[in-house]
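The values are calculated or read from the model by the stated rules, or taken from the named source; none is laboratory data. Because the structure is predicted, anything quoted here is derived from the model rather than measured. We place every Cβ from the backbone using ideal geometry, glycine too, and count neighbours over all the protein chains shown. All accessible areas refer to the heavy atoms of the entire protein, side chains included, with ligands and DNA or RNA removed. Shrake-Rupley method; radii C 1.70, N 1.55, O 1.52, S 1.80 Å.
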Amino acid sequence: MSLSRFGSLPNLITLARLFLVPVVIAMIATQRWPEAFLVFVIAGISDAVDGWLAKTFKLTTELGAFLDPVADKALLVSIYVALAIVQVIPAPLAIIVVARDLMIIGAIVMSWLVDKPVEIKPLLISKLNTTVQISFAALVLAAKAFDFSLNGWFEILLYLVATLTLASLAAYLWRWIRHIGL
C-alpha cells in the first residue's frame, strides 16, 4: 500500500482538530474542566501528528498550509474567549489575543486589496508568543481540571502573554507598514 493514498491524512487530522473547537468550548462553558483539558491535549497532539506526517512523508498540500494555521488559531482564540466568558482569565487578555489576530488578518487582506501582497511568514516573536499562549491556556485548563492553584504564577504568566501578544502585534504592524510604504 502506497503512502500517497493517504496524502490527505494530515488534512483530515487538521479538520478533526477544527471540529474539536466547539467541543472544547462546550466543555469550558459547562465547566467540565477535565474534559476540556483532555480535548485541548488531544488537539495539541493532533497538531504535532499532522505536521509530522506531512513533513516526514512529504504529504504537504496547499490546503494544509492554509488549514493548519486556521485550525490552530480557531482553537486558541476560542479558548481565550471562552475562558474570559466564564471569568477564569480577565476579558482584556482575551481581547488582546483576538485583536492581534484580527489586525494581522486585516493587514493581509488590505495588502491584497492594494495589490501589494505581503509574505506570510511567522516571526520569531510570533512563534514565542504562540508557545506562551498555548502553554498558559494549557496550564489554566490543567489547574481547573486537577484543582490546583497557580498562585502568583497566574499573574506573571498573564502579563507575559499580554506583553508578548502586544510585542508580536507591534512587530507585524511595523513589518506591514514598511511593506506597504506608509
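Among the residues making up the stretch 52-91, those that are closer than 19 Å to residue 135 by Cα and of a type outside the set (A, V, I, L, M, F, W, C) are 68, 69, 72, 73, 78, 80, 87, 90. Of all residues being over 24 Å from residue 175 (Cβ atoms) and open to solvent by 40 Å² or more (accessible area, probe 1.4 Å) in the stretch 69-122, which is farthest from the chain's Cα centre (by Cα)? Just the residue, please. The residue in question is 87.
If you check 121, 116, 58 for being in a loop (DSSP other than H, G, I, E, B), touching a residue at least 24 places away in the same chain (Cβ under 8 Å) and among the basic types (Lys, Arg), only one passes: 116.
Which ones in the stretch 88-102 are more than 15 Å from residue 74 (Cβ to Cβ) and of a type outside the set (A, V, I, L, M, F, W, C)? Steps first, please.
At the first step, the residues of the stretch 88-102 found to be more than 15 Å from residue 74 (Cβ to Cβ) are 88-93, 95-96, 99.
Matches in the stretch 88-102: 90, 92.
The number of residues in the stretch 23-68 that are open to solvent by 30 Å² or more (accessible area, probe 1.4 Å), of a type in the set (Ser, Thr, Tyr) and more than 19 Å from residue 80 (Cα to Cα) comes to 3.
Cβ-Cβ distances below 6 Å connect the following pairs, each with a first residue in the stretch 87-111 that is under 14 Å from residue 136 (Cβ atoms) and without any contact (Cβ under 8 Å) to a residue 24 or more places away in the chain, a second residue that is surrounded by 16 or more Cβ atoms within 10 Å (Cβ to Cβ) and of a type outside the set (D, E, K, R), and a separation of six or more residues or different chains: 94/80; 94/81; 94/84. Which residue pairs have Cβ atoms closer than 6 Å, lie 6 or more positions apart in sequence or on different chains, and pair a first residue in the stretch 143-159 that is more than 14 Å from residue 132 (Cβ to Cβ) with a second residue that is at pLDDT 95 or above and not in a helix (DSSP H, G or I)? Partner pairs satisfying both residue conditions: 143/150. Residue check: is residue 83 assigned to a helix (DSSP H, G or I), closer than 17 Å to residue 166 by Cβ and at pLDDT 95 or above? Spelling it out, it is not the case that residue 83 is assigned to a helix (DSSP H, G or I), closer than 17 Å to residue 166 by Cβ and at pLDDT 95 or above. Scanning the stretch 154-182 for residues that are open to solvent by 80 Å² or more (accessible area, probe 1.4 Å) and in contact with a helix residue (DSSP H, G or I) (Cβ under 8 Å, 6 or more places away or on another chain) yields one hit, 166. Note on the stretch 123-146: residues that are open to solvent by 30 Å² or more (accessible area, probe 1.4 Å) and of a type in the set (S, T, N, Q) total 3.
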